Amino acid sequence: MLIKVPSASACKESDVTPEEFYLSRRAFIGGSIAGLALAAAPGAAFAQDASRYPDVQAVEGPAWFQQKLPTTQWQAVTVKGEAITPFKDATHYNNFYELGADKGDPSANASALKTEPWSVVIDGEVAKPGRYALEDFIKPYELEERIYRLRCVEAWSMVIPWMGFPLSALLKQVQPTSKAKYIRFETLVDRKDLPGQQSSFGLINWPYVEGLRLDEAMNPLAIFAVGMYGRVLPNQNGAPLRLVVPWKYGFKSIKSIVRISLVEEQPKTTWQSIAADEYGFYANVNPNVDHPRWSQARERRLPSGLFSPNVRDTLMFNGYGDEVASLYAGMDLRVNY
Ligand code: MTE
């Protein structure tokens with residue numbers, strides 16, 4: 001990616017998120033689970049939404065999202081002992097090239113992304129292909145909160161409370177045929193409205209494309225997210241529907257998905273097409289395989305600054321090895337980077 005990374009070796013390790021903020025939030029969430037059962041009406045759910053994360057501005061969100069809140073299972077998976085990234089950082093330091101190339105562009109241009117109406121096409125090697133209005137696409141699934149590390153290939157990281165449902169649930173529903181070996185995802189193309197797509201001389205050949213092997217997609221950690229921090233996804237974070245694959249570099253977690261195809265061949269992804277020697281198909285977080293232009297041994301946990309760089313060791317598979325390492329048994333991860 002087109003980035004400048006500060007020298008990690010010059011930094012001292014520290015965690016800048018105040019501990020009391022982290023602890024009080026945990027206590028609040030623990031205490032609020034009982035109250036959640038009472039929140040049956042969409043209006044009551046909105047009240048929950050407004051106060052679940054104290055630093056998060058309340059938004060009502062679309063009806064389909066509000067209807068899911070009362071039954072949402074909060075915190076199915078969490079990250080022990082690591083502070084959740086402040087909402088401000090998670091929503092103002094973004095990579096979303098459709099909305100611009102600088103980290104502040106996606107939030108500044110967020111309103112350019114029109115998320116209603118939205119539909120998702122499912123096609124290829126599936127028994128049940130179709131085009132689904134978003135509300136119908138979401139309807140069969142219960143939402144869960146999953147607090148995951150997000151590690152960008154650019155060597156920064158965050159901890160984000162997503163809301164979503166497992167990819168495996170969708171796959172069970174649409175029934176891949178025996179020929180399906182991979183799953184391919186595509187983001188919206190809207191050359192009229194999305195500022196990053198308006199020039200035909202850009203770096204990226206739109207749409208943004210990503211893919212997973214079918215067994216990776218079936219892993220319980222892989223989710224579709226429709227919300228974060230207890231509220232609907234902000235546009236700059238990939239509304240209304242994005243992928244989250246926490247053991248892989250962030251560029252695999254494709255945003256604003258409009259097409260999901262089950263395919264026989266490994267799909268050619270956006271970053272592979274731009275620089276195959278820098279961004280592989282697998283893109284598993286791996287401290288032992290450096291990017292050709294920088295080390296991956298350490299990472300900056302956001303928020304980070306000159307006087308508190310907040311650098312920490314990169315974890316193999318981003319800390320999710322127990323859950324995913326078996327997917328890659330026998331594979332040379334230096335070759336399949
Ligand atoms: N999806 C699309 N469609 N376009 C993008 O530019 N950027 C990727 C990924 N998904 C990107 C995308 C990259 S490089 C990263 S690190 C993550 O989104 C960032 O997600 P965040 O902005 O929510 O932190």
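Residue count for segment 66-104 satisfying the condition of being within 10 Å of the ligand (Cβ to nearest atom), in contact with a Phe, Trp or Tyr (Cβ under 9 Å, 6 or more places away or on another chain) and either among the charged types (D, E, K, R) or without any contact (Cβ under 8 Å) to a residue 40 or more places away in the chain (or both): 2. The residues of segment 95-152 that are within 28 Å of Tyr182 (Cβ to Cβ), of a type in the set (D, E, K, R) and either in a helix (DSSP H, G or I) or touching a helix residue (DSSP H, G or I) at 6+ places or on another chain (Cβ under 8 Å) (or both), listed by number, are Glu98, Lys128, Glu135, Asp136, Lys139, Glu142, Arg149, Arg151. Among the residues of segment 134-186, those identified as more than 24 Å from Phe251 (Cα to Cα) and acidic (Asp, Glu) are Glu135, Asp136, Glu142.
Taken over segment 192-204, the criterion of being more than 12 Å from the ligand (Cβ to nearest atom) and surrounded by 12 or more Cβ atoms within 10 Å (Cβ to Cβ) is satisfied by Asp193, Pro195, Gln198. For segment 305-337, filtering for residues that are charged (D, E, K, R) and assigned to a loop (DSSP other than H, G, I, E, B) leaves 2. If you go through segment 254-285 and keep only what is buried (at least 24 other Cβ atoms within 10 Å of the Cβ) and either of a type in the set (Ser, Thr, Tyr) or under 19 Å from Asp89 (Cβ atoms) (or both), you end up with Lys255, Ser256. Scanning segment 78-94 for residues that are part of a loop (DSSP other than H, G, I, E, B) and under 24 Å from Asp190 (Cα atoms) gives Tyr93, Asn94. Looking only at segment 206-257, count how many residues are under 27 Å from Gly321 (Cα atoms), in a loop (DSSP other than H, G, I, E, B), near the ligand (Cβ under 8 Å from one of its atoms) and in contact with a strand residue (DSSP E or B) (Cβ under 7 Å, 6 or more places away or on another chain). Counting residues in segment 206-257 that are under 27 Å from Gly321 (Cα atoms), in a loop (DSSP other than H, G, I, E, B), near the ligand (Cβ under 8 Å from one of its atoms) and in contact with a strand residue (DSSP E or B) (Cβ under 7 Å, 6 or more places away or on another chain) gives 4.
Computed from the coordinates by the stated procedures, all read-outs in this text should not be read as laboratory data. Just so you know, these numbers come straight off a predicted model, no measurement behind them. Please note: Cβ atoms are built from the backbone with ideal geometry, for glycine as well, and neighbour counts cover all protein chains shown.
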